[in-house]
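The structure appears below as structure tokens.
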Amino acid sequence: MSETATLAGGCFWCTEAIFTRLRGVTSVLPGYTGGLTKNPTYDQVCDGQTGHAEAIQVMFDPDQIPYEKILEIFWHTHNPTTRNQQGNDVGTQYRSAIFYHNEKQKEIAETSKKELAEAKIFSDPIVTEIVPYTVFYPAEQYHKNYFEKHSDAPYCSVTIHPKVKKLLEKYGDVVKEEYKTPTFVSSFTQM
């Protein structure tokens, strides 16, 4: 049985690239959620006036990768301590948020956030919102698999490559086999 996680951790090109690589994840869809405008466009969301965050919907098999592990990777592959910013991406559309689909997800998210804060891994307070899921609007087609299609683009080289490299180093045990090939891994270790 498949479950859905909806997460916002900055640019959805980055988060899609991370979560696509996880064993047990069957699909990752970039889009917009958490705002008021119906059927927003990328340009509208980038203007910061819709209230939406760039987010991803992750379909996963909890028998292969539990929601707790999804959240652990979420916490460690973006900065949950900066409000409305991830690196050079600034605005409410880049906020850190977990959009829970049910009470169990809410409880797991709140517990993981509390444990992370108590572990003092980050020197600043965690500002990630934990809010109920309402509606998700898929992003325009050209955003899907953006990193796979444009890995040599400057933004991908500077921003996404280091995140994927960190994923491979820290969470290689849950990365799909096709992303562990020597050729694939060496392209990131040379960065």
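Just how far, in whole angstrom, is segment 32-47 from segment 160-175 if you go by their alpha carbon centroids?
Centre-to-centre distance over Cα atoms comes out at 29 Å.
Could you work out how much longer the chain between Tyr155 and His101 gets when fully extended? Use 0.36 nm per residue separation minus the Cα distance between them, nm to one decimal.
Details: separation 54, 0.36 × 54 = 19.44 nm, distance 3.14 nm.
Working it through step by step, the gained length comes to 16.3 nm.
Compute, for the chain, the length of the dipole vector about the Cα centre, with Cβ point charges of +1 (Lys, Arg) and -1 (Asp, Glu) only. Units Debye, rounded to 20.
Values: 19 positive and 24 negative charges, 46 e Å.
Here the chain has a charge dipole of around 220 debye.
When ranked by the protection proxy of mean other Cβ atoms within 10 Å per residue, highest first, what sequence do the peptides 67-74, 134-141 form?
On the way: 67-74: 19.9, 134-141: 14.1.
Ranking the peptides 67-74, 134-141 by packing returns 67-74, 134-141.
Using the Cβ atoms and a cut-off under 9 Å, what net charge is assigned to the surroundings of Met1, where Lys and Arg are +1 and Asp and Glu are -1?
Details: positive: none; negative: Glu3, Asp61, Asp63.
Computed value for this residue: -3.
What FRET efficiency would be calculated for the residue pair Thr37, Glu177, taking the C-beta separation as r and a Förster radius of 30 Å, to the nearest 0.05? Display every interim value, and only then the final one.
On the way: r = 40 Å, r/R0 = 1.34.
Step by step, r from the Cβ atoms, then E = 0.15.
How large is ³J(HN,Hα), in whole Hz, for each residue of segment 137-145 in order, when computed from phi with the Karplus curve 6.51 cos²θ - 1.76 cosθ + 1.60 and θ = phi - 60°, using x for Gly and Pro?
10, x, 6, 4, 3, 5, 7, 5, 6
In a Gaussian network model over the chain where Cα atoms closer than 10 Å are linked, find which of Thr92, Thr20, Thr37 has the largest mean-square fluctuation.
Looking only at Thr92, Thr20, Thr37, the biggest GNM fluctuation is shown by Thr37.
Taking 0.36 nm per intervening residue step and subtracting the Cα-Cα distance, what contour gain separates Lys120 from Ser27 on full extension?
Numbers: separation 93, 0.36 × 93 = 33.48 nm, distance 3.21 nm.
Roughly 30.3 nm would be gained on extension.
Do any of Lys104/Lys166; Lys69/Lys180; Lys113/Lys163; Lys69/Lys114; Lys149/Lys176; Lys104/Lys180 go past 23 Å between their Cα atoms, and which? Numbers along the way, then the final one.
On the way: Lys104/Lys166 29 Å; Lys69/Lys180 19 Å; Lys113/Lys163 21 Å; Lys69/Lys114 15 Å; Lys149/Lys176 19 Å; Lys104/Lys180 32 Å.
Cα-Cα > 23 Å for Lys104/Lys166; Lys104/Lys180; rest within.
If you filter segment 1-66 for chymotrypsin sites (Phe, Trp or Tyr not before Pro), then keep DSSP loop positions with at most 13 other Cβ within 10 Å, what is left? Don't skip to the answer; put the middle values down first.
Values: sites: Phe12, Trp13, Phe19, Tyr32, Tyr42, Phe60; in loops: none.
Answer in residue order: no site qualifies.
Against the empirical 2.2 N^0.38 Å scaling, what ratio does the C-alpha Rg of the chain come to? Don't skip to the end; give the middle numbers.
Details: Rg = 15.7 Å, N = 191, 2.2 N^0.38 = 16.2 Å.
Scaled against compact globular proteins, the figure is 0.97.
Would you calculate the separation in nanometres between label points at Asn145 and Gln49, each defined as 7 Å from the Cα along the Cα-to-beta-carbon direction?
Distance between the two pseudo-spin positions: 3.4 nm.
Just so you know, all these numbers are worked out from the coordinates, no wet-lab data involved. The shown structure was predicted, so the numbers you read here are calculated from the model rather than taken from an experiment. We place every Cβ from the backbone using ideal geometry, glycine too, and count neighbours over all the protein chains shown.
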